[in-house]
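Accompanying notes for the structure given below.
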Amino acid sequence: MNAVELTGVGKTFDTGARGPVHALSGIELRVEPGEFVSLIGPSGCGKSTLLRVVADLEQPSCGSVVVGGKSARQARLDQDYGIAFQQAGLLEWRTVVANVELPLHVHGVAKAERRARAAELLALVGLAEFAALRPSQLSGGMQQRVAIARSLATRPKLLLMDEPFGALDEMTRERMQAELLRIADETGAAVLFVTHSIPEAVVLSDRVVVMSPRPGRITDVIDGRRPRSGSGPAGRGVDGALPDSALPDSALPDSALPDSVLADEDVDGVRESAEFFAAVTEVREALRKGSA
Amino acid sequence: MTRPTVATAVAGPRRRPSLDRVWPPVAFGILALVLWELVVTFSGVPAFLLPAPSAIAAQVVAAFPTILATAAVTGGNALVGLVVGFVMGVGLALLAARSRIVSELATPLVSAAAAVPIVALAPVFTTMFGSTTEVPRRLVVSVVVVVPVFVSTARGLAQVTPVHHDLMTALAATPGQFARFVRLPGAVPYIMTGLRLAAPASVIAAIVAEYFGGLQNGLGSRITSAAANTAYARAWAFVVASIILGLLFYLAGLLAERIVTRTPTRREP
Ligand SMILES: Nc1ncnc2c1ncn2[C@@H]1O[C@H](COP(=O)(O)OP(=O)(O)OP(=O)(O)O)[C@@H](O)[C@H]1O
Ligand SMILES: [Mg+2]
């Protein structure tokens, strides 16, 4: 059963006097469980709309949307996905840890349990000691990490992310990419990830979906270079030692991750590899072709 | 997400009212009082036009127990009306945010109430409820208070950012949860602004409502009766008490707003 299955999906916005806007047309997309798929394309090509259709925040004009074997609406009501928007969208009147708890709070999870879970997630994104602060007391990048922790609160098997690293500086961004890859590895979640950055799409994804505008459609699908643990040139990882289980119920140690977990070196190794540059070139050409 | 109150509170370290900032207005006030006294004493302004500050002060001292008692009555009416009007204003705005029908009924009504001089209702209420009860005045105060509280609460409730809206939809939150987790807490600074604006207005309404008959036990009725009896200094003594009462409510409102919307200062642990 696929994590996401879009068949012949189209979306037309009726803007009244200015006529209809064909945001999406004939979208065919399958995301397998545990697969990392990026959407890339020029501004206005319908990436956000596609994500919002999967999240049931927007209704498709035609076609079928199946999320984890259910309708998009049922998947939303069942909390089968976690979502992170381009803006962190934290609630200022809640502390950082209470923001991470929000999805569990909405669904009536007992206070002690959700507090424990939120603490675990904050540790995962490296913000354990900031739990009691207000969102405005954190930097933008830290807020974004809180939003990512929040999207993981219900242990979703599907993560939807709309340019979550858009506002970050290059170094923070690279660190967050490695962190996200680790999280995806550890949780086994499928990820549908919108980005404007070609290198980001390539380094994160199993597949990069290239889109073009007017009407928004998929023009190309290119294999990404998602790193796996121990795949770095340094070869420091121990093969097969990684238990494939989901997000730790047992809290991870704050900083020192086990050796078998995807390491920063593995990710950096991919960024410096020839295959990576080849894939970047391939995506760039696909984008150029699409906009021509 | 930018909220005006938050932005200003974050803008800089909290300034304490230092002696430097307090003495100019105090000095100015004393100077004005001295000038007033001199002008009244030496120019022969008739007492019904302007009694001397010393004469007013003497009356304040002489009638102090009466002033306290009447101020308590008027202040009590203002407080009851303020609380009732505040609860009604917030409640109505919440309902209006939840339901189109309530919104379409309440919004024009409250807007109309804002345009009408509400104290003009005082004689009507007095006739309706009788002149032996405090109800008519408290009602006038409530109506005066409802308007700013409703307007600013409604504005606050409408301030939901699209990303918060999407977030709550994605979380499959019920409308009630949406109100509890997002709308209401987000509106708190606006609600408190409404309260701050309404607090001094409630005192004004309570005093003016007394001018239109009913019980003769408040500051407003004492001002009219003293003036009618040509006891001008005495009338002014009650005016002074009214000013102080209004200032008290104003400061209480300001303090409440400050306390509730206080934001933590930015710090890295
Ligand atoms: N609610 C809406 N009403 C009308 N038109 C809309 C609406 N939402 C999106 N559109 C239109 O749909 C098209 C696709 O928008 P979308 O936000 O999905 O683009 P995008 O690929 O995410 O762009 P960007 O990279 O700039 O975020 C645009 O032409 C936009 O104007
Ligand atoms: Mg977008």
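Largest mean-square fluctuation among B:PRO24, B:PRO189, B:PRO117, in a Gaussian network model of chain B whose springs join Cα atoms under 10 Å apart, belongs to B:PRO24. When you restrict to C-alpha pairs under 8 Å that are six or more residues apart and normalise by the size of chain B, the relative contact order lands at 26 percent. Taking every residue in B:168-179 and counting other chain Cβ atoms within 10 Å of its Cβ, the average works out to 5. Solvent exposure of segment B:56-261, expressed per residue, is 46 Å² of accessible area, with all protein chains present and a 1.4 angstrom probe. Per-atom-type breakdown for chain B gives carbon and sulfur 72% of the accessible area (1.4 Å probe, protein chains only). Protection proxy ranking of B:221-228, B:133-140, B:85-92, A:277-284, by the mean of other Cβ atoms within 10 Å over each peptide's residues and highest first, is B:133-140, B:85-92, B:221-228, A:277-284.
Placing a label point 7 Å from the Cα of B:THR107 along the Cα-to-Cβ direction, the residues of segment B:147-187 whose backbone N falls under 12 Å of that point are B:154-155, B:158.
Under a Cβ-Cβ cut-off of 14 Å, what is the net charge of the residues other than B:GLY91 that fall near it, where Lys and Arg count +1 and Asp and Glu count -1?
Charge balance in the 14 Å sphere: +2.
Ignoring ligands, DNA and RNA and using a 1.4 Å probe, state the total buried accessible area between B and A in Å², rounded to the nearest 100. The partial results should precede the final answer.
Working: alone 15830 and 13120 Å², together 26650 Å².
The contact between A and B buries close to 2300 Å².
Rolling a 1.4 Å probe over the heavy atoms of the protein chains gives segment A:4-291 an accessible area of 41 Å² per residue.
Residues considered: B:VAL146, B:VAL26, B:VAL203. Largest GNM mean-square fluctuation over chain B, using C-alpha springs under 10 Å, is found at B:VAL26. Counting, for every residue in A:131-139, the Cβ atoms of other protein chains within 10 Å of its Cβ and taking the mean gives 3. The length gained by stretching the chain between B:SER225 and B:VAL87 to full extension, at 0.36 nm per residue less their Cα-Cα distance, is 46.3 nm. Volume of the convex hull of the protein assembly as shown (Cα atoms only), normalised per residue: 212 Å³.
For B:VAL147, neighbours were defined as the other residues whose beta-carbon sits under 15 Å from its Cβ, and their charges (Lys and Arg +1, Asp and Glu -1) total +2.
Among the listed pairs A:LYS11/A:LYS70; A:LYS47/A:LYS70; A:LYS11/A:LYS111, those whose Cα-Cα separation exceeds 30 Å are A:LYS11/A:LYS111. Among A:VAL65, A:VAL96, A:VAL106, the largest mean-square fluctuation in a Gaussian network model of chain A, built with springs joining Cα atoms closer than 10 Å, belongs to A:VAL106. Take each residue in A:51-59, count the other chain C-beta atoms within 10 Å of its C-beta, and the mean is 2.
Sorting B:163-171, A:17-25 by their mean Cβ neighbour count within 10 Å, with the most densely packed peptide first, gives B:163-171, A:17-25. Applying 1/(1 + (r/R0)^6) with R0 = 51 Å to the Cβ-Cβ distance of B:LEU247 and A:THR12, what FRET efficiency is obtained, to the nearest 0.05? The pair B:LEU247/A:THR12 has a calculated efficiency of 0.25. Under 5 Å between amide hydrogens, built in the peptide plane, is the criterion, and for B:THR261 it picks out nothing among residues at least 5 positions away or on other chains.
Karplus-based coupling profile of segment A:21-26, in residue order and whole Hz: 10, 8, 6, 9, 8, x, with θ = phi - 60° in 6.51 cos²θ - 1.76 cosθ + 1.60 and x standing for Gly or Pro. If R0 equals 41 Å, the separation of the Cβ atoms of B:ALA158 and B:PHE42 corresponds to a calculated FRET efficiency of about 0.10.
Other residues whose C-beta falls under 13 angstrom from the C-beta of A:ALA23 contribute a net charge of +3, scoring Lys and Arg +1 and Asp and Glu -1.
The values are calculated or read from the model by the stated rules, or taken from the named source; none is laboratory data. Owing to the predicted nature of the structure, the values given are computational and were not obtained by experimental measurement. A quick note on method: Cβ atoms are made from the backbone with ideal geometry, for glycine too, and the neighbour counts reach across all protein chains shown. When the accessible area is computed, the model is the full protein with side chains, heavy atoms only, and any ligands, DNA or RNA have been set aside. Shrake-Rupley method; radii C 1.70, N 1.55, O 1.52, S 1.80 Å.
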